[in-house]
Amino acid sequence: MKLIRIAHSLFFLGLGAHLGVHLDAQAQESTPAPVLDKVTVTGSSIKRLRDEGALPVQVINRRDIERAGLATAEQLVGQLTSSGNGMDNAAAQSDVVAGDQRGNNGASFANLRGQGSRNTLVLLNGRRMASHGLNGTAVNLNTIPMSAIERVEVLKDGASAIYGTDAIGGVINFITRKDLSGLQAEAFVDLPQKSGGEIYSAKLSGGVGSLERDGYNLMFALARTENKALTGQQRDFVNTFQSHRGLSVDTRGTPVATVFARAGMDTIFSPNSAGVLRPGDAQRYNGVNVLALPGAAGCASMLNSAPYDAKLWASPASALGCAWDTGVSATLQQPIENTSAIVRGTLQLGAHQLAAEYVGARVDSSKSFSEVQLISSTSARYLYPATGASYNEVFNALVAVFPSIEANRGKPIAFRWRCMSCGPREIDTSTQSNRFFVGADGPLGGSWDYRTGLSWASSEDASVLGGGYFYRDGMIAALAAGSVNPFRKPGTPTSAEELSALEAISARGQSLYGGKFTLSQADFTASGPLFALPGGAAQMAVGLDVRRETFRFTAQAGAPGGVVIAAPFDASNTVNGIRRDVRAVFAELLMPLSKTLELNAALRSDDYTGFGRSTNPKVSLRFTPLESLLMRASYSTGFRVPTFNQALNGQTVLPYDGKDLVDPAKCPSLVVSSSNPSCAVVTPNVIDGGNRALGPEKAVVKSVGFAVAPLRDYRLSLDWWHIEREDAIRAPGLAELMQNYALFGERFVRDAAGNLTAIDRRWFNAGGARSSGLELEAQGQGQLGQGRWLLSFNGSYLLSKQSRLLNTQPYGPSELAKFNRYDDPGIRWKHNISFSYSQGDWSGSLTQRYSGGYTDAVLPGVANGSVTPPDWQAKVKPYVLHDLSLSYRGFKQLEVTAGVKNLFNQDPPFSAYYDADLGAGSSWDPRVADPRGRAFTLRLRYTLR
């Protein structure tokens, strides 16, 4: 598809928005007036004069991207004010994740208007790409060949009638260069002031031939990008021990093991699994660490450890425990290596243009997170043997406080232990993506044009275990033999015997899972004039689109050597190979009813294997009562079938480790209370997975807006949008299920005695979700001295965000600006403001990026009112960053661009967000903030013509 080549005319309509940096003012001044040739704008199949257009399209060109110091598609999408804040970036998925995020290792996704990655369509040159091979859901942004991107067009409007039923939140179209000659080499570095998180990039591009002069062009681009790892230990703001602000970690798996009573296990704290008593104290204690006992060395004698905050977690039985800061061991930015290539040949045969293209990428990531936690249980009998000096030392310290356990001397010890000598857990993932395309476009006759193409794309991914994973039976044997000591004193080096024993039972190199998504597509579109109307000729486009999607996911049931501790084998999610065919026909009619009023109507009918046919319209109006005023409105519907994973995944079961859940059948208040047995803490398993009975979800998208240019160099646009989805496919949050126990009692699994053992969060067709917002853009430019200045503004204001669990229920309370562990927090206001100035060979820009605050997470002790931390604040503060960029083009063949990101070195705002197996957040929220701090960028480009 030929797409709009430059944003000047769209700026006139107030539609051109920027990433906070904009077109070079000097280039604007010197560029001659464009020829009014016919092109196709993202969001329409009809060719029209380039200075016409009615849809809110945001254009980010190559120079914008360079000035912002962006190296990856993930960075670019993350800075869009229209982008949501779900768990879509690599940082949010750097730690252990649950449910729908399992398997997204090294991947990141787009999420427009907070509608989720499944409802955001990502295109390359106007056509689809293969979805991520491990989830079959959405395009992995890390496979986008940024080395060859000419510009990015973001359609912030529903486009199901044009591109397909899943384009509900909008469309992001990455457009590559088409006509490149000569040779160009480029090097780029992005270096944080503090070590960790460095980004390096190099690319080589070139081409021969000119379409205009020679009738052909053959071009290529090769690139290599490396994102280095950033760990929690490298940033001071990562500190989970901030009880004065309402945050402390909920884990008693510490470097020196914590002793537990366990039901069904005959150990030193038996027979009562609720814990043990000490003289004169009615409280039963469980999870006791010898370092926390009176007169002992204290929890702080362990690295990154502190006393367990039993008040914040409303768990008085844990008052003699220690906690270990998982946040400092988290990887805040995954190390990702990306090698990409694009080769494109274009041949002009008279008025017809033929093109062939190959795009490929190899992405390697190494996900590293906290050391494994060993928890004694009847299924995993990790027990410390009742022999030796170490055993006696631990037992004697405990019996001095709990004399009643003397009768159990000689029994083994059940514990929870963070195995620091095991090293961090690592999962290595490789992605190989390929896309082949051949196409043609040109005249059909009678002023009609055609566009057609064939493409095949795939994304194949595989994950293997790195270090930090061990066979369970081997670990049990090593503990029983005393080769591995979970009670080693703080600061004592790991013995050679223990290291040797761990190496012997390592599962390093074990295959974990793999998947492949393949997309085959053929399309044809014809467009041209139909008949005369008062405003001009009516234009029409008709076409067909046929594609086949196949998905395979293969997971191990376990390792050949036995069970691997904490390894996320997903055998239940195995899909041996499934195929889905989609056949679509579409038509679009553009009718200039008068010189000032234009109607655009589109209709698309998609036939999905297994789901039948869905027909979706889109109608838009464009009204220009004045030359300087544009008014617009649109209405469309959408229809999205379940993804392969949503429908076919099996069950995955993970224990809930938090201390903020109660049994809703026994405790209607849902507030943990240590004084009320009915409101005691429960830690059930959480079940995630697919649902073969899922039906499609439907959507209605509306928008109204205007754009005004009162003066030649000043422009303003404002658009209101509203999206409502029915039968929305989603996994309910635990809080939703708890609050609606009467509706979802069947999702609470109980044993024969009626005790809550599991909560089912698997996908279902919910009642729906609705949200609305405003998008504002403004721009002004002018002459200042010998140069040109440009001031631009881009903002997004979320007006409403609600959901309901069933169609028969009313919509729930507002979800605006509220912490949600499983979903977008619904930040109300985000904006980018940029000032740029160009004079001669120099140009520079200063940009402010703002993201509003929201109500923070709350730990149980604060929630139930039992404790009010002295420095506790209910809201996460706004996040404000400033970026500076300076470019010089005065050298003969060399261009230099330098910049500073996060000029004032702002840390992410504090949040009581605790990772709890859901991302790398621990005192900060990775869905919102960048953990790298101030960073310096330098880009050198050498051109040889």
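The listed residues are Thr525, Thr574, and the only one of them that is under 30 Å from Gly612 (Cβ atoms), touching a residue at least 60 places away in the same chain (Cβ under 8 Å) and crowded, with 19+ Cβ neighbours inside 10 Å turns out to be Thr525.
On the stretch given as region 863-911, residues that are under 31 Å from the mean Cα position of the chain (by Cα), under 23 Å from Ile199 (Cα atoms) and assigned to a strand (DSSP E or B) total 13.
In region 204-256, of all residues being of a type in the set (D, E, K, R) and surrounded by fewer than 21 Cβ atoms within 10 Å (Cβ to Cβ), the one that is nearest to Leu320 (Cα to Cα) corresponds to Arg245. Scanning region 751-772 for residues that are within 24 Å of Asn573 (Cα to Cα) and assigned to a strand (DSSP E or B) returns Thr757, Ala758, Ile759, Asp760, Phe764, Asn765.
Can you find a residue that is outside any loop (DSSP other than H, G, I, E, B), hydroxyl-bearing (Ser, Thr, Tyr), within 30 Å of Ala778 (Cα to Cα) and modelled with pLDDT of 90 or more anywhere in region 670-681? Checked against the condition, which is being outside any loop (DSSP other than H, G, I, E, B), hydroxyl-bearing (Ser, Thr, Tyr), within 30 Å of Ala778 (Cα to Cα) and modelled with pLDDT of 90 or more, region 670-681 yields no hits at all. Contact map, region 61-89: first residue in the same structural domain as Asn832 (by TED's automatic domain parsing) and surrounded by fewer than 22 Cβ atoms within 10 Å (Cβ to Cβ), second residue aromatic (Phe, Trp, Tyr) and modelled with pLDDT of 90 or more, Cβ cut-off under 9 Å, separation 6 or more or different chains; pairs are Glu66/Phe188. For region 374-388, the criterion of being among the charged types (D, E, K, R) and closer than 18 Å to Pro255 by Cα is met by no residue. A search for C-beta distances below 8 Å between a residue of region 488-504 that is closer than 21 Å to Arg425 by Cα and not assigned by TED's automatic domain parsing to the domain that holds Leu303 and any residue that is among the β-branched types (Val, Ile, Thr) and surrounded by fewer than 16 Cβ atoms within 10 Å (Cβ to Cβ), counting only pairs 6+ apart in sequence or on different chains, returns nothing. Quick check, is Lys367 buried (at least 22 other Cβ atoms within 10 Å of the Cβ) and of a type in the set (Lys, Arg)? Yes.
Would you say Ala356 is of a type outside the set (Phe, Trp, Tyr), modelled with pLDDT of 95 or more and in contact with a Lys or Arg (Cβ under 8 Å, 6 or more places away or on another chain)? Considered against the rule, which asks whether it is of a type outside the set (Phe, Trp, Tyr), modelled with pLDDT of 95 or more and in contact with a Lys or Arg (Cβ under 8 Å, 6 or more places away or on another chain), Ala356 comes out as yes. Screening region 78-116 for residues that are hydrophobic (A, V, I, L, M, F, W, C) and touching a helix residue (DSSP H, G or I) at 6+ places or on another chain (Cβ under 6 Å) and picking the one that is modelled with the lowest pLDDT gives Met87. Go through region 311-346 and give me each residue that's of a type in the set (A, V, I, L, M, F, W, C), in a loop (DSSP other than H, G, I, E, B) and over 33 Å from the mean Cα position of the chain (by Cα). Selection gives Ala319, Leu320. Residues in region 750-770 that are more than 22 Å from Ile729 (Cα to Cα) and either surrounded by fewer than 19 Cβ atoms within 10 Å (Cβ to Cβ) or hydroxyl-bearing (Ser, Thr, Tyr) (or both): Arg750, Asp751, Ala752, Ala753, Gly754, Asn755, Thr757.
Could you list, in sequence order, the residues of region 257-274 that are of a type in the set (A, V, I, L, M, F, W, C), out of contact with any helix residue (DSSP H, G or I) (no Cβ under 6 Å at 6 or more places or on another chain) and in a loop (DSSP other than H, G, I, E, B)? Those that are of a type in the set (A, V, I, L, M, F, W, C), out of contact with any helix residue (DSSP H, G or I) (no Cβ under 6 Å at 6 or more places or on another chain) and in a loop (DSSP other than H, G, I, E, B): Ala257, Phe260, Ala261, Ala263, Met265, Phe269, Ala274.
Counting only residues that are outside any strand (DSSP E or B) and of a type in the set (D, E, K, R), region 773-817 holds 1 of them.
Give just the number: which of (1) out of contact with any helix residue (DSSP H, G or I) (no Cβ under 6 Å at 6 or more places or on another chain); (2) within 30 Å of Cys667 (Cα to Cα) does Asp760 not satisfy? Against the list (1) out of contact with any helix residue (DSSP H, G or I) (no Cβ under 6 Å at 6 or more places or on another chain); (2) within 30 Å of Cys667 (Cα to Cα), Asp760 comes up short only on (1). Of all the residues in region 279-294, those that are assigned to a loop (DSSP other than H, G, I, E, B), surrounded by fewer than 24 Cβ atoms within 10 Å (Cβ to Cβ) and touching a helix residue (DSSP H, G or I) at 6+ places or on another chain (Cβ under 8 Å) number 5.
Quick one: how many residues across region 156-194 are assigned to a strand (DSSP E or B), crowded, with 20+ Cβ neighbours inside 10 Å and either of a type in the set (A, V, I, L, M, F, W, C) or at pLDDT below 85 (or both)? Summing the residues that are assigned to a strand (DSSP E or B), crowded, with 20+ Cβ neighbours inside 10 Å and either of a type in the set (A, V, I, L, M, F, W, C) or at pLDDT below 85 (or both) in region 156-194 gives 5.
Return a yes/no flag: does region 220-234 have any residue that is assigned to a loop (DSSP other than H, G, I, E, B), over 28 Å from Asp930 (Cβ atoms) and in the same structural domain as Pro145 (by TED's automatic domain parsing). No: zero hits. The single condition among (1) over 30 Å from Leu465 (Cβ atoms); (2) at pLDDT below 90 that Val582 does not satisfy is (2). For region 822-852, what are the residues that are under 21 Å from the mean Cα position of the chain (by Cα) and more than 14 Å from Asp883 (Cα to Cα)? Correct list: Tyr822, Asp823, Asp824, Pro825, Gly826, Ile827, Arg828, Trp829, Lys830, Ser851, Gly852.
For Pro860, the stated conditions do not hold, so it cannot be described as closer than 20 Å to Arg245 by Cβ and either among the hydrophobic types (A, V, I, L, M, F, W, C) or surrounded by fewer than 20 Cβ atoms within 10 Å (Cβ to Cβ) (or both).
Check whether at least one residue in region 398-406 is part of a strand (DSSP E or B) and under 24 Å from Pro486 (Cβ atoms), and report yes or no. The answer is no, given that none of the residues of region 398-406 is part of a strand (DSSP E or B) and under 24 Å from Pro486 (Cβ atoms). Glu736 passes every criterion in (1) touching a strand residue (DSSP E or B) at 6+ places or on another chain (Cβ under 6 Å); (2) closer than 30 Å to Leu80 by Cβ apart from (1).
A single entry from Ala323, Ala341 fulfils the requirement of being in contact with a Leu (Cβ under 7 Å, 6 or more places away or on another chain), among the small types (Gly, Ala, Ser) and either within 30 Å of Pro908 (Cα to Cα) or outside the structural domain of Ala274 (by TED's automatic domain parsing) (or both): Ala341.
Picking from residues in region 771-810 that are under 20 Å from Leu718 (Cα atoms) and charged (D, E, K, R), the one that is surrounded by the most Cβ atoms within 10 Å (Cβ to Cβ) is Glu777. The set of residues from region 629-652 being assigned to a strand (DSSP E or B) and within 22 Å of the chain's Cα centre (by Cα) comprises Arg640, Thr652.
Scanning region 682-699 for residues that are surrounded by 14 or more Cβ atoms within 10 Å (Cβ to Cβ) and among the aliphatic types (A, V, I, L, M) turns up Val682, Val686, Ile687, Leu694, Ala699.
The values are calculated or read from the model by the stated rules, or taken from the named source; none is laboratory data. On a predicted model such as this, the values are computed, not experimentally measured, just so you know. In this analysis, Cβ positions are derived from the backbone assuming ideal geometry, glycine residues included, and neighbour counts consider all displayed protein chains.
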